[in-house]
Amino acid sequence: MAAAILQTIDFKLHERPAPEFLPSGIASLDFALGGIPRGCVTDIFGPVSSGRTSIQHSLMAQAAQNEEFCALVDASDAFDPASAAAAGVALDRLLWIRCGGNAERALQATDLLLQAGGFGLVVMDLGDIPPETARRISLASWYRLRRAVENTPTALVVIEKAPHARACATLAIECARTRVRWSGAPGCSQLFRGAAFSVERRKPLRPAGAQFEASALR
Amino acid sequence: MHAPGGGGRLLACAQDFSPQVEQTDPDTVIVDIDGLGHLFGTVHEIAQTMARRAGSPVNIAVASNPDAAFHAARGFAGISIVPEGDAAKFLASLPVALLAPTEEIAETLARWGIRNFRDLAALPDLGVAARLGEEGVRLQKLARGEGDRPLHPVEPPTRFEEQMELEYPLELLEPLMFVLGRLLGDVCARLEKRALAAIGLRLRLLLENSGEHERAIRLPVPMRSSRVFLKLFELDLEKHPPAAPIIKVYLAAEPAKPRTTQNGLFIPLSPEPEKLELTLARMAAAVGEENVGSPELVDTHRPGAFRMRQFTMMQGPGRNACPTSLAFRVFRPPIAAKVQSGFLSAPGIRGKIVQQAGPWRTSGDWWTTNPWARDEWDIELTDGALYRIYCDAQTGRWFIEGSYD
């Protein structure tokens with residue numbers, strides 16, 4: 001009897017198909033990680049100027065290239081349409097929800113969007129939310145989001161300073177800045193050219209990492 | 001039905017009995033009474049009920065085809081039942097003038113001594129065709145009661161409006177939703193009957209203080225779900241409640257052809273319009289209408305300028321990928337900062353400036369009442385964070401505009 005139950009459980013565990021991936025548009029990242037899994041929560045975290053938003057823009061541009069619709073739940077109203085358009089984001093295919101610094105509203109809006117369905121990519125940007133506020137988001141809320149996105153073709157990406165989705169995230173990526181590119185002589189003709197970033201996979205715990213460069217707009 | 005004294009209410013009376021009503025002329029209507037037997041009894045009883053309801057004196061004739069009924073009603077007073085298959089005999093005594101022949105044919109018939117339907121029906125077919133042509137053949141068929149044309153029912157005006165006067169003023173939203181739900185149900189049922197949908201809805205509430213409260217909902221695609229409409233109005237009225245109790249509700253829908261889409265396995269994912277509209281309304285209720293939509297760049301050099309427009313599902317082509325560019329995060333509003341001896345300090349941000357590029361001097365809109373002029377720098381702090389700061393040329397104050405990320 002027990003063997004039969006175990007066999008059933010084993011069968012069910014093997015039944016879950018591998019998720020489909022949305023390419024990030026950054027070649028080195030796609031080579032290392034395969035992209036961002038659909039139907040799952042992906043946590044992209046790192047300090048200020050660590051390349052999180054550049055990855056986010058690249059993902060949104062890639063989704064637009066696939067003629068999919070994107071939604072951005074912007075908790076702290078930090079989205080810059082000009083730099084996103086320069087990164088290839090199709091603004092007319094983007095639904096932007098500005099939450100004015102209210103993380104609770106951002107969670108509510110994300111939940112509503114996931115329930116409505118039909119978006120290829122939903123980004124919840126908590127990147128400028130103070131860590132103490134982000135920590136207060138209950139695990140139940142994260143599980144609710146994970147449950148809502150499960151078995152859908154939507155990729156849910158959360159941008160944060162530190163990983164808070166914890167067990168609910170299928171993929172967690174830590175970003176860090178490695179180098180800033182300046183040109184010209186300091187003080188008179190110096191120009192800001194861009195920055196290089198490193199990306200490390202923190203979950204699942206299989207070593208994988210990538211490096212990429214992003215050029216400044218000026 | 002024919003009203004010799006004028007048929008002012010004739011059409012309305014006939015439409016009470018059947019939706020298939022043809023207004024043949026101003027004082028005559030033809031009604032399809034097929035199936036009315038279950039409600040009113042025999043053919044004679046149906047005719048009697050109609051005569052009673054008409055109010056004024058009317059002639060009613062029942063026949064197997066519209067033309068025979070029309071001529072019998074105009075030719076005989078009271079109620080006439082034209083026997084099926086024997087219409088020619090029944091109509092025989094009617095004058096030829098009832099057929100409204102052309103002046104030329106009427107003159108010819110008068111010269112031949114043809115006075116009534118019987119005389120015309122008795123003429124040889126080939127002779128009539130040879131001498132009076134196609135029109136003569138048609139008139140002869142009518143005289144024999146052999147018309148076979150279909151009925152051309154009157155189309156009721158396509159207005160999708162409902163209104164309700166309330167017995168007592170409504171103060172709360174919940175009872176109003178009950179009333180609105182019923183009106184929306186009726187409007188949607190009528191739209192469905194005509195295979196139409198609504199592209200816009202207008203709600204007018206008459207208030208107790210003699211004022212009016214009007215709300216309009218514009219839909220991105222034609223829809224016909226009363227539940228969705230009710231929820232949209234509920235969310236809208238929660239945000240924009242009327243100023244006084246409501247005494248009358250008026251609802252109008254703007255009809256449009258329903259959306260037709262061809263789905264396919266390889267069509268990219270997109271939200272369902274009905275669900276999306278409801279989700280957008282819910283989010284607008286939570287975060288404010290102005291905070292939900294698609295950003296649109298404005299044709300100006302003013303830093304950070306954009307406008308929000310309604311999110312619609314544009315089915316245009318996607319964009320080509322661009323090389324990875326450094327994203328910028330904006331602080332709204334900009335954070336006031338102090339820059340002194342190469343040190344930046346602002347609430348939550350402090351550090352020594354280790355690298356800098358600038359100034360980038362920009363200005364514009366000096367010809368308007370809202371000009372701007374500033375010197376921008378890109379800076380790197382000791383902790384490695386990259387910011388864009390600027391000094392406002394008008395006030396001389398420093399601000400952090402945002403961070404590179």
Residue list for the range B:89-104, restricted to those being surrounded by fewer than 18 Cβ atoms within 10 Å (Cβ to Cβ) and on the phi < 0 side of the Ramachandran plot: B:Lys89, B:Ala92, B:Ser93, B:Pro95, B:Ala97, B:Leu98, B:Thr102, B:Glu103, B:Glu104
Odd one out for B:Pro371, checked against (1) crowded, with 18+ Cβ neighbours inside 10 Å; (2) more than 20 Å from A:Ala86 (Cα to Cα): (1)
Residue match in the range A:118-135 (condition: among the small types (Gly, Ala, Ser), more than 26 Å from A:Arg201 (Cβ to Cβ) and surrounded by 15 or more Cβ atoms within 10 Å (Cβ to Cβ)): yes
Some residue of the range B:255-270 being small (Gly, Ala, Ser), under 29 Å from A:Ala82 (Cβ atoms) and surrounded by 13 or more Cβ atoms within 10 Å (Cβ to Cβ): yes
Within the range B:314-405, strands (runs of 3 or more DSSP E) holding 2 or more residues that are of a type in the set (Asp, Glu): B:372-381
Residue count for the range A:42-61, restricted to those that are crowded, with 24+ Cβ neighbours inside 10 Å, touching a strand residue (DSSP E or B) at 6+ places or on another chain (Cβ under 7 Å) and either more than 11 Å from chain B (Cβ to nearest Cβ) or under 22 Å from A:Ala86 (Cα atoms) (or both): 13
Residue check, B:Gly147 of a type in the set (Gly, Ala, Ser), surrounded by 12 or more Cβ atoms within 10 Å (Cβ to Cβ) and part of a loop (DSSP other than H, G, I, E, B): yes
Index of the failed condition, A:Gly39 passing every other in (1) free of Cβ contacts under 8 Å to residues at least 60 places away in the same chain; (2) of a type in the set (Gly, Ala, Ser); (3) more than 23 Å from B:Glu289 (Cα to Cα): (1)
Residue that is surrounded by the fewest Cβ atoms within 10 Å (Cβ to Cβ), among those in the range B:374-405 that are away from chain A (no Cβ under 12 Å) and basic (Lys, Arg): B:Arg397
Qualifying residue in the range B:306-324 (condition: loosely packed, with under 14 Cβ neighbours inside 10 Å and farther than 20 Å from A:Gly88 by Cα): yes
Enumeration of residues in the range B:186-229 that are outside any helix (DSSP H, G or I), charged (D, E, K, R) and farther than 11 Å from B:Ala253 by Cβ: B:Arg194, B:Arg204, B:Glu208, B:Glu212, B:Glu214, B:Arg215, B:Arg218
Residues of the range A:26-41 classified as under 21 Å from A:Ala195 (Cβ atoms) and crowded, with 24+ Cβ neighbours inside 10 Å, total: 2
Qualifying residues in the range A:182-212 (those that are touching a residue at least 24 places away in the same chain (Cβ under 8 Å) and within 11 Å of chain B (Cβ to nearest Cβ)) - the one nearest to A:Glu20 (Cα to Cα): A:Phe212
Close pairs (7 angstrom Cβ cut-off, 6 or more residues apart or separate chains): at positive phi and facing chain A (nearest Cβ under 9 Å) in the range B:277-302, modelled with pLDDT under 90 and part of a loop (DSSP other than H, G, I, E, B) anywhere: B:Gly293/B:Gln310; B:Gly293/B:Phe311
A:Ser183 vs. criteria surrounded by fewer than 17 Cβ atoms within 10 Å (Cβ to Cβ) and within 19 Å of B:Arg388 (Cβ to Cβ): yes
Filter result for the condition that a residue is surrounded by fewer than 14 Cβ atoms within 10 Å (Cβ to Cβ) and more than 8 Å from every other protein chain (Cβ to nearest Cβ), over B:Gly364, B:Gly348, B:Gly358: B:Gly348
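The values are calculated or read from the model by the stated rules, or taken from the named source; none is laboratory data. Nothing here was measured: the structure is a model prediction, and the numbers come from that model. Please note: Cβ atoms are built from the backbone with ideal geometry, for glycine as well, and neighbour counts cover all protein chains shown.
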